[in-house]
Structures are given as C-alpha cells and as structure tokens.
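Notes to accompany the following structure.
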Amino acid sequence: MPDACVHDTPDTPQAPPCTLVVFGAGGDLTKRLLMPALYNLAGGGLLADGFSVLGVDHNPLTDQGWRDDLSATMESFTKDTSAEFHAKSIEPKAWDFVRDRLHVTQGDFTDEATYRALAGRLKGNVVFYLAVAARFFGPVVEGLGRAGLLKEAEGAFRRVIIEKPFGSDLESARALNKTILAQAEESQFYRIDHFMGKETVQSLLAIRFANRMLEPIWRHEHIDHVEITAAETIGVEERGRFYEPTGALRDMVPNHLFQLLCMAAMEPPDSFDAEDVRGEKSKLVQAIRPMTPENAVRGQYRAGKEGGSDVAAYRDESNVDEASHTETYVALKLEIGNERWAGVPFYLRTGKRLAGRRTEIAVQFKPPSFPLFQGKDAPKLDANVMRLRIDPEPGSATRLNVKRPGPQMHLAAIETGFRYGDFFDPAPTVGYETLLYDCMRGDTTLFQRADTIEAAWAAVDPLLKAWKDAPVAPYAAGSEGPKAADDLLARDGRAWLPLGDA
Ligand code: BG6
C-alpha cells in the first residue's frame, strides 16, 4: 500500500452517553443500516458505556426476540456480498456491546399513550430516530413534543433524526418544517441524507479547498461544464408502492444530487463550523435557477438486459401501474446564478436500470487559452476532465494531454488518478456511522437545514408541476438512458461521459 502520504487521524473521542430511540424498530432500515452502523461505532470504541437503544414498533416484540432477530440478521450479512454491510465475520465484542443494550417496546405512533409511556421511561440525553414512513414524521414529532420529550432540561439533549423523503414538494416540505419547528428548535432536528454519510462525498470539500492547485481554477473562467451522475443498474425492486407516486426526480434530485452539487459548487465556508458550511450550501441551492421542462428529460425503462440477463420493464414490476408515467430517469441542465458559475451549465442525470453503476462528479475544463496546438497539422486536443468518483470505486481520475513518444509533437490523452482503497484501509461502513456519531455529538454539519430543503424543493417545483401529466421517454434497461437526454447535451455541442466504461 503506498502509504507515504497517509497521515494519522487523531484519536476520535467517544460520543456522550445517550439513549437512541428508534421508531420503526422492526423495519428494514433498522436491520440493514442502523444496526451495522452501531456495530461499527462500537467496534471503533466510539459508543459510551451508558449508550442504549430503545426500539419502538407497532408490532409486539420482546427484548430477547429482537436481540435474537438482529443477531441472526447481522450474521446473515457475512454470507451476503450484495448487502450494504458485508463483513467476513461479526466481531463478538462489538456486537455484544450493542446487543446487550437493545430494548424494545410496542407502541402506536399515532397514540398519545405511546409518548406518555416513553416520557415515563426516558431520562437524560436522547436521540429519536424516525425510521418510519414519511407520513409519520409529523405525528411522531408532535407526539414527542406534546409529551414534553423534546425539552432539553438540565443540560440533557433531545434530538430528532428525520429520514428522507422530507416532503414531496415545496408545499409539503414547508408544512412539515412548520409542524416540527412548532415542537422544538431547528438545532434539535437532524434531517438525514445518506449521501452525506459517504466518506468520499465529505472528502470533496477537502479535495477542493485543501489543494491550492485546484481551488483557483474551480470557476467559470476555466471550467466548461460539470456533469453529475448517479446511475444505477438495479431496477425499482420491491419498492414499487413507494416509487410510483415518487419517481426519480423526487427520489434523487432535491436531496442526493443537490448534495453533490453543493459539494462541487459551493463557495468555501469561513470555517468548518456547522453553520458556516450549511450557510454556504444553502446559498448555493438558493442560487439554482428555477428549472424548466425545456432543460429537462424524464425517462422510464423498458425491458432489456442487465448483466447479460433479461430484465423486465418498469411497468411490469410489482406494485407498478401497467400504464405508469412515473419517471425512472431524469436528466437536467441547471444554471447557478452567481459570479463563480456564470455561464457554466451543470448537467445532472440519475436513473435506474442503466448501463453502469456510477456516482460521480465530472468537471470538464476549457481548452488552453493560447491556441498553441492549432493549425492544419495540429493534433486533436482532448478536454481535461476531472472525475471525482464516489461509487462504486471511490477516487478520482483526471484526463490530461501528454506528448506521444516519437519525433513529432503528437498528443495523447491519458488518465491519471487514485483510488481511496490504494491509500486507506477501507473500513466496512454503511454510511450511517458518521451521521449517528455526529448527531450524538451535536454536530449538524452533514444534515439538512430547513431553508436548504425548502430551497431545493423550490428549485424543482416548476418541473414537478410541468411534469404532472407529461409522457416519459422510453429507454431500454441496460442502456445509457433515453435519446432525449443525449439531445439535451448535443444541443450545446456536448455529450455525456458514457456509463458503460466505468
Ligand atoms: C435512495 C433512493 O435514497 O438512494 C433509492 O430512495 C436509491 O432509490 C438510493 O437507489 C441510492 O443510494 P446509493 O447509496 O445506493 O447510491
């Protein structure tokens, strides 16, 4: 491992003791992500002895039954290489630490008695985790507030983590903010976006602002355009019921893609204090020009091939309407109305059942300002492109022009880059470790603030309205997406980087 430039990280302090109350204890998120994240935190010695979990679920569960069930699930991950959390074996010390601290109680999220019972049971620091369907976000926070569970008395904190989707349009996001902010302070709410838990997404700020050779050229004078991609090869899987009224725009754009956009385009914050960082992110999102249907494409996958096997059309997936107009693909051209990005288009695309799995930001630079390599015998110049890769193989790749060996000045484009895995030990994280840890420590940096969420919905709202009954452009499963998305860039004399050559 080329570790010459790897610096030691200073000792990370333990999170203060607290009770993590998980609403939706029996749910999928708790099993797949929260428990592995707690296990990893325990393994790193980051949870205090006084840490405990209290699960709340509408189904009857016992402490022992829940512990056994979760132990079996953790064990099953060792055999499932496709699970978000996959480890060769489960380290007993770390898992026992978590398992022995698991308790569960039955409760209806809409019944005041549930919250009265919790109030009788909870003392000191508490993080409430809302791993429940979005329709319960408001009622649970109201229940907590009415029972006095959000009052931060005697130096003890009371915090609430809210999953996505936070609203389904501007109006509903505003209404939800209003509901929850009537019960507690903004600083007590941690609106989660799991993309911000990805180590390499957080690293984007380091890459941009810790490298003098990048920061000065990260602007319109030097950058031609920016491409942000979150492409998946999987289909809608068993989530048809959720996905049908949601679609790719709501599912991915105002949250995940805008988080990537912020990381790529925000101004440097004055410090890494949460409010400095969140303030810059908010300004960036507010500077996104309202989107128009002329600059957007929606598509839906038809039958095709993925990994050599036949796969079904979206309309044939379970719990999907056979005449569905829900988009499984979106491509957008955005403009950011500020000085740094004047005239630089940002092209965003996301979709399911595409030719490759790839989450990345690709920054394409302008040609050299002095036309030294022009004229009739001039070699072709490829644009410099810096690709900041998040998934599946985190790292970066930059295309540079070099001289081809030989007597003449002929150029060749080469790629230079790095993979995180070559420099750092890839800890098996699920992305929720840092988010949970930060919440317990009261660090809101990676969480979404009310104003940013509303600004994001405000930017996509015109499209949501325009697309209400709009048709979807078909694309074959396993392809690069609909042709209309290629046309969107071709119009500007540009083309997407292919997905197939990851
Ligand atoms: C989720 C979306 O928030 O993010 C899913 O609801 C999507 O539809 C997923 O598949 C993508 O996340 P990741 O981390 O797998 O890229």
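The values are calculated or read from the model by the stated rules, or taken from the named source; none is laboratory data. Note that the structure is a prediction, hence the values are computed from the model and not measured. So basically every Cβ, Gly included, is an ideal-geometry build from the backbone, and we count neighbours across all protein chains shown.
Computed quantities for the displayed model
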quantity	calculated
Residue count for the stretch 304-318, restricted to those that are assigned to a loop (DSSP other than H, G, I, E, B) and surrounded by fewer than 16 Cβ atoms within 10 Å (Cβ to Cβ)	3
Candidate set from the stretch 174-211 (those that are under 21 Å from Leu260 (Cα atoms) and away from the ligand (no atom under 16 Å from the Cβ)); member that is surrounded by the most Cβ atoms within 10 Å (Cβ to Cβ)	Tyr190
Selected residue (only one of Thr73, Thr105 is under 30 Å from Gly421 (Cα atoms), at pLDDT 95 or above and hydroxyl-bearing (Ser, Thr, Tyr))	Thr73
Top-ranked residue in the stretch 240-265 [being under 30 Å from Arg278 (Cβ atoms) and part of a loop (DSSP other than H, G, I, E, B); ranked as farthest from the ligand (Cβ to nearest atom)]	Pro245
Which numbered condition His325 fails, given (1) crowded, with 20+ Cβ neighbours inside 10 Å; (2) at pLDDT 95 or above; (3) not in a strand (DSSP E or B); (4) not aromatic (Phe, Trp, Tyr)	(1)
Any hit, the stretch 186-198, residues being within 27 Å of Ile361 (Cα to Cα) and of a type in the set (Val, Ile, Thr)	yes
Filter pass, Phe166 being surrounded by 16 or more Cβ atoms within 10 Å (Cβ to Cβ), within 16 Å of the ligand (Cβ to nearest atom), in a helix (DSSP H, G or I) and at pLDDT 95 or above	no
Those residues of the stretch 376-432 which are at pLDDT below 95, of a type in the set (D, E, K, R) and closer than 30 Å to Ala37 by Cα, in sequence order	Asp391, Glu393, Arg419, Asp422, Asp425
Options Ile234, Ile228, Ile217: the member that is within 16 Å of the ligand (Cβ to nearest atom), hydrophobic (A, V, I, L, M, F, W, C) and surrounded by fewer than 20 Cβ atoms within 10 Å (Cβ to Cβ)	Ile234
Residue in the stretch 354-364 that is in a strand (DSSP E or B), modelled with pLDDT of 95 or more, more than 30 Å from Ala303 (Cα to Cα) and within 29 Å of the chain's Cα centre (by Cα) present	yes
